[in-house]
Amino acid sequence: MKRLPHIVTAVLGLLLLILIMSLANEPEVSAMNQPLIIVLSSSQLEPYLQAVKGFKKRVKDQFPEARIDTFFLGQDSTKNLVTMQKIDNNQPDVLFTLGSKATRKVQTVHPDRPQVVTMILDGLILEQSKQATGVFLNFPPAVHLNWLRRLLPNAKRVYLLYNSQENSTLYTEIKKAATVHQLEIYGVPVDTISQLPAALNSVGRQADILLGLPDQTVYSGKTAKVILLSTFRNRIPFAGLSRYWVKAGALYALDWDYHDLGRQCGEMTCRILMGDAVSDIAPAPPDKVRYIINMKTADYLKLTIDPTLVQEAAEVFQ
Amino acid sequence: MKKLILSFLSLATVICSQSGPAQAVPDPQFLVSAEEELLFQDISSVYTASKYEQKISDAPARISIVTQEEIQRYGYRTFADILRSLPGFYISYDNNYSYVGVRGFGIPGDYNTRILMLVNGHRINDNIFDSVYADTAFILDLDLIDRVEVVRGPSSSLYGSNAFFGVVNVITKKGRDLDGLETSVAVGSHRSYQGRLSYGKRYQNGLELLLSGSYYDSQGRTDLYYKEFDDPTTNNGVAEEGDDDQFNNLFFRLSSGDFTLESLYADREKGIPTAPWDVEFNNSETRTWDGHWFVDLNYQHLHESGMEIAARLFYDNYWYDGDYLYDYGPPSEIVTLKDRDIGEWWGTELHVSRHFFESHRLTLGGEYRGSLKQEQKTYDRYDLWLDSQPDIDTWALFFQDEWTLLDNLLFNIGLRHDNYDSFGGTTNPRVALIYSLFPETSLKFLYGKAFRAPSTYELYYHDGYNTAKPNTNIDPETIESIEFIWEQQLNRNLRSAVSLYKNEIEGLIAYTLDPDDGLFYFDNQDDVEAYGAELSIEGKWNRGCLTNLSYTYQHAESKDTGERLVNSPRHMVKVNVMAPVVNNILNGGLELQYESGRKTVAGNETDNSLLTNLILVSNSWLEGVTVSAGVYNLFDVAYDFPGSAEHRQDMLLQDGRTFKLKIDYLF
């Protein structure tokens, strides 16, 4: 019994020690009155501004006291240098970057700071930094095929043009997902731009639809016209990559709710501010899917699109 | 390349930052496009783009493309109308056949042997005359054409014989273009009636079918007056009958995956009112029948390695029958001299294309054409004058390399060897340098050689040695051509092209007289030189407005005599305007064609002419219905084409004002 006070003292001491240690490990935020978040966007285009807006709203809802400093990159390297110096002089709790250019720049300045990223196409940038997470623009294959099925229920032979060194994994994933939707996926490797005309000829002969998925070799400002004209001439529906492609003549494209992309990123940021480790927050695809239709193209292709789907489209080009 | 640009720009940045203050220096990172930019950049609309712009600017030749929309909006009635609308092309017509002249060269009576005609890549030139039809005997209903691609200049390095002045490739519609049943009826001047029934569909299993049949009948002109026959014994020069015209077309196309099976059938019967070769005037029994059908199995495959394979197996059947009525008297005895020609051939082609070392695209190919029949017969009730049945097979091997020297510099070289049972072998090269000086500017330097093999008709035709004899020792005629082309995108709507060329033809095959025996025969004759310039400006505007303006200067003369060639207008101006009128309910098509005079066989010259055609088209009145109404030669201008050696007429007066009304209905 003589030992009991010692044991109690030791246990209490241990508990106190644990308490002190845990308090010492508590993120700075709990001690912070005003967390600092730096936003750096690659562009001032409307979609980027919408995403920033959605982000700010979500963060402010939970952390009204948070300070959010917003910067934009531009064409002028001197101005960009000044911007990056300003960011460098701060010690932000979280960095929110939009677009690959901003993301890359921030990773060179603050490689160890938590970073939430959006408006990028793939997870490559996220994989390069353990301190980064975010919402990338790519929709999962199943989402693409699901919408393709809904919009073009009679399409069966789905063609993909892809760079085999860049996107063979994506091709495999799409092919796998297609079995559920009873679609036949045909991939045509296009490793250099010069292979594109032959690939488009092949599509023109056999495809029910050309599904456009982001690929650096196949889809660019340089190739857009050739692809659109080829599918148009051959009366092959082309699922474009974004609103701009649909406006130019693609039949439809999945699109993003940019405000919601910002909201999703805001939510990730809040979790970081609340103490979650970045590594615990997996990069995610967009929560919401919108679609845009070009009815002028549908008419030219002699396609009938379900009127309900036309009504529900985020935007319809007539 | 990107690294090079970046290094250069970085260096430039350093230099600029040292040399001057306060200048906005572009961020190198922003010069390299980010992955996501392809989602957020503006893309030119497909609706305002020229649909074949890329094809035209990248080709190692001057190319024109006529689309179905233009065919409909300008109300083209025959294939000759389509070709006549293009810079450098002109037509003559002798109330039996239409003859195509190109770049100042259009020998009267030449059955279009110096252009190669393809339908979906299938060679149409027959194996007796090497001819193609551009008139109502054309093998396809114009409504079934998706587009016509016209490649000017010698192309024997890829296509062999007949690709002398150019290659005309007709691309047909596919089943998906109709997606149902379509019918068409038309009426026109000279009691002309035309009907078509077509069905096209692309089925869910990938099978695609197009089936079509057409019929045409025309009484023709009944008031043709020829002063050369103005005599009471020949109805005072008036041909009251014999200009009638009938044709039938059938088209079948079935495709699935990499395979396409297609077949075309066309036959035509035409009266000849001009009394050529001194036949009886104003006798409607003088007439010709022409026909052609083929079946073609085509395979095109793109291998995963990027190798393209194209193979073709085909069978063709061609026939020409002619009844020519002569008075063998005195005393008067009307006898029909009959031409009966039948051509049958089969063939196969294989082309393989592949990229090598990223900068080379190599195409290798081979062709074989085996003659099954090349029969020419001429006879009357008394005798068999001609019975020729040769058998000339041909094979060819070729290669072409498209070598991308720089991002904006392309070198194209092609070489082809053809072997004929008749005269042996010939090898023809073509080289082209295509330089994109700016994204909007393309410069092309072309050099090429081509040949035309003597046809069976030219080698073997005779009339029992009465007036003509055969000559089996004819060599192929050849052309050597140099051309410079400057293509310029002037702004968003306008595109221009300037072409300067010089052609030298050696060993031209022509009909001539042997002074030793007084018999006519074909042989290599004159050498010809032709040079010229073509300027064209094309405009494409919003709301479906299209404009085309072209000016052609062409000069062709015999190198031996220095004389200007017969049937060769020196100046041509063509204006085409297509625009919506009356709040898009009607679309108007206006065509103006000016031509300076042409020298005739007798050394005279036809008058300059300015023709105006006006077409109105509407597809807004009823769903699925398209109505078009056209007036041709709106101002009823009198104009002539030179006659040929077989005509007594030195000039042949052409149609005055005519009309056509057409209704298409897509079910």
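The values are calculated or read from the model by the stated rules, or taken from the named source; none is laboratory data. Just so you know, these numbers come straight off a predicted model, no measurement behind them. Backbone-built Cβ (ideal geometry, glycine too); neighbour counts: all protein chains shown.
Just to check your reading of the model, which residue among B:ASP523, B:ASP560 is among the charged types (D, E, K, R), modelled with pLDDT under 95 and part of a loop (DSSP other than H, G, I, E, B)?
The match here is B:ASP560.
For region B:315-373, how many residues meet the condition of being in contact (Cβ under 8 Å) with a residue 24 or more places away in the chain, more than 20 Å from B:TYR420 (Cβ to Cβ) and of a type in the set (Gly, Ala, Ser)?
3
Given (1) outside any strand (DSSP E or B); (2) within 27 Å of the chain's Cα centre (by Cα), where does B:LEU443 come up short, assuming only one miss?
B:LEU443 satisfies every listed condition except (1).
Output the residues belonging to region A:264-318 that are in contact with a Ser or Thr (Cβ under 8 Å, 6 or more places away or on another chain), surrounded by 17 or more Cβ atoms within 10 Å (Cβ to Cβ) and part of a loop (DSSP other than H, G, I, E, B).
If the condition is that a residue be in contact with a Ser or Thr (Cβ under 8 Å, 6 or more places away or on another chain), surrounded by 17 or more Cβ atoms within 10 Å (Cβ to Cβ) and part of a loop (DSSP other than H, G, I, E, B), then A:ILE281, A:PRO283 are the ones that fit.
Given (1) within 14 Å of another protein chain (Cβ to nearest Cβ); (2) touching a Ser or Thr at 6+ places or on another chain (Cβ under 8 Å), where does A:LYS130 come up short, assuming only one miss?
(1)
If you go through region B:224-263, how many residues are among the aromatic types (Phe, Trp, Tyr), more than 20 Å from B:THR286 (Cα to Cα) and surrounded by fewer than 20 Cβ atoms within 10 Å (Cβ to Cβ)? Working first, answer last.
Residues of region B:224-263 that are among the aromatic types (Phe, Trp, Tyr), as a first pass: B:225-226, B:229, B:247, B:251-252, B:259.
In the following step, the residues that additionally are more than 20 Å from B:THR286 (Cα to Cα) were identified as B:251-252, B:259.
Among the residues that remain, those that are also surrounded by fewer than 20 Cβ atoms within 10 Å (Cβ to Cβ) are: B:252, B:259.
So the answer is 2.
Of all residues in region A:185-197, which are within 8 Å of another protein chain (Cβ to nearest Cβ), surrounded by fewer than 21 Cβ atoms within 10 Å (Cβ to Cβ) and more than 28 Å from the chain's Cα centre (by Cα)?
Correct list: A:SER194 only.
In region A:253-263, which residue that is in a strand (DSSP E or B) and touching a residue at least 60 places away in the same chain (Cβ under 8 Å) is farthest from the chain's Cα centre (by Cα)?
Among those residues, the one meeting the criterion is A:LEU254.
State all residues of region B:605-642 that are part of a loop (DSSP other than H, G, I, E, B) and at pLDDT 95 or above; if no residue qualifies, say none.
B:THR606, B:ASP607, B:ASN608, B:ASN633, B:LEU634, B:PHE635, B:ASP636, B:VAL637, B:ALA638, B:TYR639
Examine region B:253-276 for a residue that is away from chain A (no Cβ under 14 Å) and in contact with a Pro (Cβ under 9 Å, 6 or more places away or on another chain), and state whether such a residue exists.
Checked against the condition, which is being away from chain A (no Cβ under 14 Å) and in contact with a Pro (Cβ under 9 Å, 6 or more places away or on another chain), region B:253-276 yields no hits at all.
With respect to A:LEU170, determine if the residue is under 19 Å from B:LEU39 (Cα atoms), of a type outside the set (Val, Ile, Thr) and in a loop (DSSP other than H, G, I, E, B). Break it down stepwise before answering.
Working: under 19 Å from B:LEU39 (Cα atoms): yes; of a type outside the set (Val, Ile, Thr): yes; in a loop (DSSP other than H, G, I, E, B): no.
So A:LEU170 fails the test.
Tell me the residue from A:GLY204, A:GLY240 that is more than 7 Å from chain B (Cβ to nearest Cβ) and either polar (S, T, N, Q) or within 20 Å of A:PHE139 (Cα to Cα) (or both), please.
Going through A:GLY204, A:GLY240 in turn, just one is more than 7 Å from chain B (Cβ to nearest Cβ) and either polar (S, T, N, Q) or within 20 Å of A:PHE139 (Cα to Cα) (or both): A:GLY240.
List every residue pair whose Cβ atoms lie under 9 Å apart, where the two residues are 6 or more positions apart in sequence or sit on different chains, the first residue falls within region A:137-149 and is within 14 Å of chain B (Cβ to nearest Cβ), and the second residue, located anywhere, is among the hydroxyl-bearing types (Ser, Thr, Tyr) and part of a helix (DSSP H, G or I).
So the pair list comes out empty.
Hey, could you check region B:156-192 for residues that are on the phi < 0 side of the Ramachandran plot and part of a loop (DSSP other than H, G, I, E, B) and say which is farthest from the other protein chains (Cβ to nearest Cβ)?
B:SER189
For every residue, the table says whether it meets (1) more than 30 Å from B:PHE451 (Cβ to Cβ); (2) acidic (Asp, Glu).
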| residue | (1), (2) |
| --- | --- |
| B:SER156 | no, no |
| B:SER189 | yes, no |
| B:ARG196 | yes, no |
| B:TYR203 | yes, no |
| B:SER214 | yes, no |
| B:PRO232 | yes, no |
| B:GLU240 | yes, yes |
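Kindly evaluate B:ARG221 against the criterion of being in contact (Cβ under 8 Å) with a residue 60 or more places away in the chain and of a type in the set (Lys, Arg).
Yes: the conditions hold for B:ARG221.
Looking at B:LEU297, B:LEU302, B:LEU313 in this structure, which one is touching a helix residue (DSSP H, G or I) at 6+ places or on another chain (Cβ under 8 Å) and more than 17 Å from B:ASP380 (Cβ to Cβ)?
Answer to the check: B:LEU302.
Do we have A:GLN216 as in a helix (DSSP H, G or I) and either on the phi < 0 side of the Ramachandran plot or at the interface with chain B (Cβ under 10 Å from one of its Cβ atoms) (or both) here?
no
Can you find a residue in region A:99-113 that is surrounded by fewer than 17 Cβ atoms within 10 Å (Cβ to Cβ), in contact with a strand residue (DSSP E or B) (Cβ under 8 Å, 6 or more places away or on another chain) and within 14 Å of chain B (Cβ to nearest Cβ)?
Checked against the condition, which is being surrounded by fewer than 17 Cβ atoms within 10 Å (Cβ to Cβ), in contact with a strand residue (DSSP E or B) (Cβ under 8 Å, 6 or more places away or on another chain) and within 14 Å of chain B (Cβ to nearest Cβ), region A:99-113 yields no hits at all.
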